[in-house]
Amino acid sequence: MIYRIRHTTEYLYPAPVRNSHNELRLMPLSDSWQTCRRFELHVEPETRLFTYELPDGHVHHFSHRLPHHSLKITADSEVESIKSNPFAYLDLIGDDAAFYRQTSLYNNFCEFLDPSERVPNDRYIQIECEQIAASAKIEARSCSTASFLIALTKLLKREFRYEPGSTHVHTKIEEIFIYRRGVCQDFAQVMLAVCRNQGIPARYVSGYLYTGHNGLVSNDATHAWVECLLPDGHWHGFDPTNDMVVNDAYIRTHTGRDYSDVAPVRGIYKGPAATKLDVMVTVERVDHESVP
C-alpha cells in the first residue's frame, strides 16, 4: 500500500517569542517493511533546517532567534508499506520461554527491559502488570510468546476504554491503571509495562495509522503501538488500542523506550505560553496506478 501523510502543527502566541529551539521526529522510517518515498518539511517563519539520523529514526532540528508570533510546521510524506500478512513470521505454537532467560538478552536490550521515565516499575505497577499478564496467559492458545502477546493485546483493548481527552502527555501510568481509560499513547505504555515485567523486550513506536473504513481508531495526531522482540530475532508490532497485530496500515516514524523518546515535536523558547496549539494529521491511501 502507498500512503500520503500530512502532519501540521501550529502554535499561536499572545506576544512575540524568541530563541525558539525545536526537534522534530516526523520522517517515516525506511526498512524491510516500509519505504519512505518522499519527505518534505516546511517551517513558517522560514528557517534553516538541520537533520541527523539515529538508529531509532531521523531527527530534524531548527532555531528561530528573532521574535515571532506563531510557528507552523508541516511535514508531507509518501510511504510504501508492504507488511500485508503480519502473522507470517509468528510462532503461535512453540514454548520459547528459554529465549527470554538468556543473560545476553538483557545485556543487548536492557533499555527495553528496564523501567523508563514514563514506564516506571514500582510495587503497585508490578502487581497490576502481573495480574494482567496472568489473565492473558489463561486466554493465550499456547505457551508461545506470540500467542501471549496477541492475547494481551486483546485483553487491553477489552479492559481499557479508549477515551480521547481523558488523558494528556503528562498523565502518569498509575492513573491509567486506576481509571482504565486513555488514548493510544496510554494503551501502548501499559503494554510496555506488562511486557517488560514479563522479561520481554518491548519498545514504543510512534507513527501513523490509516483507519480507512475498517473501524480502527487513532488520535488526531500520531498513533502509538508496541514492538516486542520475539525469538526469531525480529521486532513485531502489536496495537492494543485496536486489538491488532501491526500490518501495512501502520506507518512507523520513530521508536524508543516510551513517549519521551519519540515526541513528534519538542522545543523550548523564551516568551509567554502558546494561547493555541493545533495539530492536524491526514493519512490517505493512494492507488498504485495514480503514483508517478
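The values are calculated or read from the model by the stated rules, or taken from the named source; none is laboratory data. Given the structure is predicted, the values throughout are model-derived calculations rather than measurements. Every residue, glycine among them, receives a Cβ derived from its backbone with ideal geometry; neighbour counts consider all protein chains shown.
Any residue that is surrounded by 16 or more Cβ atoms within 10 Å (Cβ to Cβ), in the same structural domain as Val119 (by TED's automatic domain parsing) and not in a strand (DSSP E or B) - is there at least one of those in the stretch 220-228?
There is at least one residue in the stretch 220-228 that is surrounded by 16 or more Cβ atoms within 10 Å (Cβ to Cβ), in the same structural domain as Val119 (by TED's automatic domain parsing) and not in a strand (DSSP E or B).
Going by the conditions given, is Thr47 surrounded by 13 or more Cβ atoms within 10 Å (Cβ to Cβ), outside the structural domain of Val246 (by TED's automatic domain parsing), more than 18 Å from the chain's Cα centre (by Cα) and part of a loop (DSSP other than H, G, I, E, B)?
yes
On the given criteria, is Val205 modelled with pLDDT of 95 or more, in a strand (DSSP E or B) and in the same structural domain as Glu130 (by TED's automatic domain parsing)?
Criteria met by Val205.
Taking interchain pairs and intrachain pairs at least six residues apart, which have beta carbon atoms under 8 angstrom, with the first residue in the stretch 52-74 and within 15 Å of Arg252 (Cα to Cα) and the second loosely packed, with under 14 Cβ neighbours inside 10 Å and not charged (D, E, K, R)?
Cβ pairs passing all conditions: His58/Thr51; His58/Tyr52; Val59/Thr51; Val59/Tyr52.
Report whether or not Leu71 is crowded, with 18+ Cβ neighbours inside 10 Å and in a loop (DSSP other than H, G, I, E, B).
no
Scan the stretch 24-35 for residues that are surrounded by 14 or more Cβ atoms within 10 Å (Cβ to Cβ) and more than 17 Å from the chain's Cα centre (by Cα) and report the count.
1
If we keep just the residues of the stretch 50-63 that are in a strand (DSSP E or B), of a type outside the set (Val, Ile, Thr) and within 19 Å of Arg257 (Cα to Cα), which is farthest from the chain's Cα centre (by Cα)?
If we take residues in the stretch 50-63 being in a strand (DSSP E or B), of a type outside the set (Val, Ile, Thr) and within 19 Å of Arg257 (Cα to Cα), then Glu53 is farthest from the chain's Cα centre (by Cα).
Here is a yes/no grid of residues against (1) within 26 Å of Arg257 (Cα to Cα); (2) of a type in the set (Gly, Ala, Ser):
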residue	(1), (2)
His68	no, no
Tyr106	yes, no
Phe109	yes, no
Ser116	yes, yes
Asn121	yes, no
Ile127	yes, no
Ala134	yes, yes
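Among the helices (runs of 4 or more DSSP H) lying completely within the stretch 74-188, list those that include at least 1 residues that are over 26 Å from Gly207 (Cα atoms) and among the small types (Gly, Ala, Ser).
The helices (runs of 4 or more DSSP H) meeting that bar are 103-109, 123-139.
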